[in-house]
Amino acid sequence: MWWLANRLKERGVLGINRRNADYVQRYNDRKLYPLVDNKILTKTLAQEHDMAVPELYAAVSAEHEIRDIAAIFKSQRDFVIKPAHGAGGEGIIVITSKMHGRFRKSNGMLVTLEDLQYQLSNILSGVYSLGGMRDTAMVEYRVKFDSLFESVSYQGVPDVRIITLMGYPAMAMVRLPTRQSDGKANLHQGAMGVGIDIATGTTLQGVWMNEIIDAHPDTGNTVAGLEIPHWDEFLKIAASCYEMTGLGYLGVDLVLDRDQGPMMLELNARPGLNIQIANDDGILHRYRKIEAQSALKKLGVEARIAFAKKHFSA
Amino acid sequence: MDRKSHYHFIVLVIVLMLSGAAAIYYQHVRLGLPLVPNASKTVWEVESRLTFDALKDTPIKATLMIPQKEAGFVSLQENYISKNYGVTEIPGKVNRKVQWARHKASGKQALYYRLTLYKHAEQQLTEKWDFTSSAYVGSIHLEGATKVAASALLEDVVELSADKTSMTSALIKALNDRNSDNVQLLLGNRYSAENIADAAVALLSLNHVPARVIHGIRLKTATKAQPIAWVAMYTGTVWQYFDPKTAEKTLPDDILIWYEGEDPAFKLEGGEHAKLSFTVKSSIVNAVELAQYAGQDRSAFISFSLLSLPLETQHVYSILATVPLGVLMILLLRSFVGVSTFGTFMPVLIALAFRETHVAWGIGLFLIITFFGLAIRHYLDELHLLIVPRLGVILTTVVMMMGFISIMSAKLGFAQGLSIALFPMVILTMTIERISILWEERGGYEAMTTTLGSFFTAICAYLAMTNVYATYIFFVFPGAYLMIMALMLLIGRYRGYRLSELIRFRAMAKKVK
């Protein structure tokens with residue numbers, strides 16, 4: 001047991017206790033949390049900063065607005081419903097198409113308008129929000145993912161997670177939905193995480209259910225060696241979220257849209273730790289380098305990315 | 001963490017630890033509260049009963065000598081029991097008295113003074129009994145034949161003795177000689193210990209040796225305890241005690257000094273046929289009872305503890321007192337093991353319920369209710385309800401089920417089933433809701449592990465909270481709270497891995513770079 005703990009320490013693996021006390025609490029001012037906890041606020045903020053985000057079709061904050069939502073559902077061929085204060089990908093419904101007045105979910109199942117309205121009602125009453133507070137439901141643009149990921153994902157949209165410390169991209173991974181995760185890109189729910197070389201944007205090995213694996217569990221295709229297009233754009237969006245929110249420790253979730261390129265999906269002020277397994281590398285060493293560098297000089301977005309590319313290549 | 005706040009933290013932890021330990025030490029050593037709950041102590045109850053017949057149409061005033069406080073024992077309780085009498089306590093440097101007064105009364109009267117006490121383990125009963133010795137010389141006047149007899153007796157004794165100690169001893173021996181005419185004259189044929197002690201003190205005073213009669217009660221169970229008199233003599237440096245019958249220089253350590261001096265034990269105005277009797281009873285009490293007794297002594301530090309509360313409230317707090325301990329268990333399990341639970345402190349509430357139902361029954365009942373609750377919740381899902389009404393329906397179902405289980409177990413004769421009413425039903429309802437959502441969102445596996453984690457934590461918290469030793473410590477020694485706070489602060493600084501993370505990241509440890 002001690003050996004294991006020492007070995008992990010040696011590799012610079014960050015644990016929850018240290019993450020909470022030394023990073024989340026130190027770099028993230030509580031009063032800024034609403035900016036990332038409320039996805040509508042995040043989206044508005046990003047649009048003000050000319051950052052690409054999925055378009056918001058409608059925000060539903062009152063029970064009576066649910067009836068009127070049918071019009072929006074009619075006008076859009078596909079869309080995503082999600083709670084503004086959701087955590088861990090809970091409560092998200094992705095509608096890919098319509099058939100016979102019913103809606104097809106990303107897993108192929110058909111649901112009725114009533115089902116969707118019930119889901120909206122659940123979101124409003126706070127089922128998915130932290131602490132059960134009343135919530136707002138968002139209906140937004142469904143990201144059409146790039147064909148690059150087609151061979152290595154099962155339904156759903158793969159997304160890219162970049163962890164930034166004081167605006168320095170520290171580590172990145174792509175999260176691939178699996179059958180187990182029901183098309184969701186959340187590692188807790190069984191999605192697969194694949195590490196990304198910060199310098200080149202090339203995928204490394206994968207982690208699934210806390211185990212290191214090389215192939216996607218559903219498609220069987222190798223996940224390593226994929227080159228993510230527009231990688232510099234990804235890094236730029238992630239790095240500039242620091243100035244945008246003022247939060248020093250962020251997990252930036254991005255998606256690659258076939259037509260619109262990289263988009264910022266949401267931000268997380270308490271990013272998870274599995275990214276370390278996906279990269280087979282502890283993140284603490286990188287944090288220490290960043291902390292040392294930022295103590296020397298305040299750098300701009302481009303300089304920070306250059307620093308990260310130089311020091312954190314795989 | 002910069003250096004300054006680091007020192008600040010360390011100092012805070014040390015201060016909390018030390019002040020907690022000091023408070024416990026004080027209560028343990030100074031108040032004699034044992035650290036272990038099963039340690040028992042003998043508690044003595046001494047009751048003095050003054051009976052008399054009231055004189056018609058005369059105001060009554062009765063004064064009774066009572067022991068000084070803290071004279072080698074810890075007074076737990078003191079009561080004056082008398083009907084329709086005004087009671088005044090008269091403190092004094094030498095003797096403490098209680099005065100009962102009443103405008104008028106008729107018939108037999110009984111006045112009680114009751115003292116509950118236990119002895120300090122390492123303190124002699126007489127330790128605090130040390131007054132200015134000069135005050136004890138020459139207060140006795142002898143005249144005529146008695147004075148001659150006294151001088152003759154003294155002369156013999158002084159001649160035969162080397163120092164004050166041997167002189168006192170010889171004097172008492174002489175006074176016990178029934179054939180001596182001088183003694184007969186002095187004592188008037190009353191050879192009681194009290195008379196001899198009185199005479200001995202008078203003669204010592206005549207010889208300018210400070211001396212005093214002390215009156216005490218032997219702490220031995222007796223319905224008619226005899227007050228005893230003892231001779232106390234001051235050598236110039238220490239007090240020495242002599243048995244007036246045997247002249248031995250000794251003082252039994254079970255003597256409770258009631259008062260000192262030649263005055264009678266009581267004075268009565270407005271009554272006749274007065275009689276003073278003593279009863280001594282002993283009982284063995286356990287540590288908590290002792291602490292509860294001690295709590296009624298308002299003079300002590302303890303009056304700020306839970307023990308100064310009314311007994312009923314004390315009972316409630318004896319349960320609540322252990323909650324921080326349950327919370328500590330949760331902190332340990334979360335920070336070091338990484339057990340996931342529904343809600344942060346929900347396991348403590350479940351553990352509180354377990355206290356009443358016992359673990360096996362508690363888990364059984366909990367599972368039954370949760371299972372049916374989940375079934376109902378699943379059905380309600382089909383109805384597309386708003387969340388609060390849905391929770392309301394589940395809550396109502398939970399209450400109904402609790403009632404049903406209670407009725408069934410009453411019919412079947414399982415007493416434990418009745419205690420289900422103590423389950424926190426709102427917690428149950430929220431647990432059902434959360435299990436259900438977790439199940440939908442993250443699958444049955446996660447829901448099961450979290451449920452098991454909650455149970456495991458609840459059981460650990462329960463074991464900690466019902467530990468007899470721990471309960472006792474927290475209830476009796478408020479200092480323990482400071483110490484547990486220091487522990488929690490230390491846990492709050494833990495930056496290492498959780499046990500669950502070792503498992504989670506084990507794949508990263510295997511590979512050697």
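Starting with the highest mean, order B:403-410, A:107-114 by the number of other Cβ atoms within 10 Å, averaged over the residues of each peptide.
The packing order, highest mean first, is B:403-410, A:107-114.
What does the average come to when, for each residue of peptide A:271-280, you count the partner chain Cβ atoms lying within 10 Å of its Cβ?
2
About the Cα centre, and with charges only on the beta carbon of Lys, Arg (+1) and Asp, Glu (-1), how big is the dipole of the protein assembly as shown? Nearest 20 debye, please.
The calculated dipole for the protein assembly as shown is roughly 460 debye.
Please report B:Tyr241, B:Tyr472 as a ranked list, fewest other C-beta atoms within 10 angstrom at the top and most at the bottom.
Taking fewest neighbouring Cβ atoms as first place, the list is B:Tyr241, B:Tyr472.
Across peptide B:175-188, what mean number of C-beta atoms from other chains lies inside 10 Å of a residue's C-beta?
Per residue, the average neighbour count from other chains is 0.
Give me the mean projected area, in nm² to one decimal, of the convex hull enclosing the Cα positions of the protein assembly as shown.
52.5 nm²
Using a Förster radius of 51 Å, what is the FRET efficiency between A:Ala70 and B:Ala507 based on their Cβ-Cβ separation? Nearest 0.05, please.
0.60
Dipole magnitude of segment A:56-140 about its Cα centre, charges +1 at Lys/Arg Cβ and -1 at Asp/Glu Cβ only, in debye to the nearest 20?
Using only the charged Cβ atoms, the result is roughly 320 debye.
Tell me whether chain A comes out rounded, prolate or oblate; compute the Cα gyration tensor, take square roots of the eigenvalues as a ≥ b ≥ c, and use a/c under 1.5 as the rounded threshold.
The shape class here is prolate.
Could you tell me what % of all Cα pairs in segment A:56-140 have separations over 18 Å?
Value for segment A:56-140 (Cα pairs over 18 Å): 35 percent.
Provide the packing ranking of B:148-161, B:256-269, i.e. peptides ordered by the mean count of other C-beta atoms within 10 Å per residue, highest first.
Top to bottom by mean Cβ count within 10 Å: B:256-269, B:148-161.
For chain A, what is the mean residue ellipticity at 222 nm derived from helices alone (per DSSP H run of n ≥ 4: -39500 (n - 2.57); sum divided by total residues; nearest 500 deg cm²/dmol)?
It lands at -8500 deg cm²/dmol.
Got a sec? Charge dipole of segment A:56-140, +1 on Cβ for Lys and Arg, -1 for Asp and Glu; which of A:Thr112, A:Gly91, A:Ala62 is way out at the positive end?
The residue sitting most towards the positive pole is A:Thr112.
Can you pull the one-decimal nm distance between simple spin-label points at A:Met209 and B:Val29, each 7 Å off the Cα toward Cβ?
Output for this residue pair reads 6.1 nm.
Could you work out the Rg to Rh ratio of segment B:316-476, with Rh taken as the Kirkwood radius (inverse of the mean 1/r over all Cα pairs)?
Radius of gyration relative to Kirkwood radius: 0.99.
If r is the Cβ-Cβ distance from B:Ala162 to B:Thr250 and R0 is 22 Å, what FRET efficiency results, to the nearest 0.05?
0.70
If the only charges are +1 at each Lys and Arg Cβ and -1 at each Asp and Glu Cβ, what is the size of the charge dipole of chain B around the Cα centre, to the nearest 20 debye?
1760 debye
Return the FRET efficiency for the residue pair B:Ile363, A:His188: r is the Cβ-Cβ distance, R0 is 25 Å, and the value is rounded to the nearest 0.05.
Given R0 = 25 Å and the Cβ-Cβ separation, E is 0.40.
Using only Cα atoms, figure out Rg for chain B and give it as a multiple of 2.2 N^0.38 Å.
Against the compact-globule rule of thumb, the ratio is 1.49.
Which whole number gives the average count of other chain Cβ atoms within 10 Å of the Cβ atoms across peptide A:206-214?
Across the residues of A:206-214, the mean count of other-chain Cβ atoms within 10 Å is 2.
What is the Å³ per residue value for the convex hull set by the Cα atoms of segment A:156-278?
Looking at segment A:156-278, the number lands at 91 Å³ per residue.
For segment A:88-176, just the Cα atoms, rotate onto the principal axes and tell me the three extents in Å, largest first.
Principal extents (Cα only, largest first): 45, 37, 17 Å.
Compare the peptides A:118-127, B:445-454 by average per-residue count of other Cβ atoms within 10 angstrom and give them in order, highest first.
So the order, starting with the most tightly packed, is A:118-127, B:445-454.
Send over the Kirkwood Rh of segment B:340-398, from the inverse of the averaged 1/r over different Cα pairs, rounded to one decimal Å.
About 12.9 Å, per the Kirkwood formula over Cα pairs.
Going by Cα centres, segment A:122-173 and segment B:432-477 are how many Å apart?
Spelled out, the Cα-based centre of one part sits 31 Å from the other.
Taking the dipole about the Cα centre of chain B, with the C-beta of Lys and Arg at +1 and of Asp and Glu at -1, give me whichever of B:Phe342, B:Ser436, B:Pro478 is farthest to the positive side.
With unit charges placed on the Cβ atoms, the residue in question is B:Ser436.
Which three extents, in angstrom, do the Cα atoms of segment B:1-98 have along their principal axes, listed largest first?
84, 31, 26
A short reminder: the numbers here are calculations on the coordinates, not readings from a lab. What you are looking at is a predicted structure, and each value in this text was computed from that prediction instead of being measured. All Cβ positions, glycine included, derive from the backbone under ideal geometry; neighbour counts span all protein chains shown.
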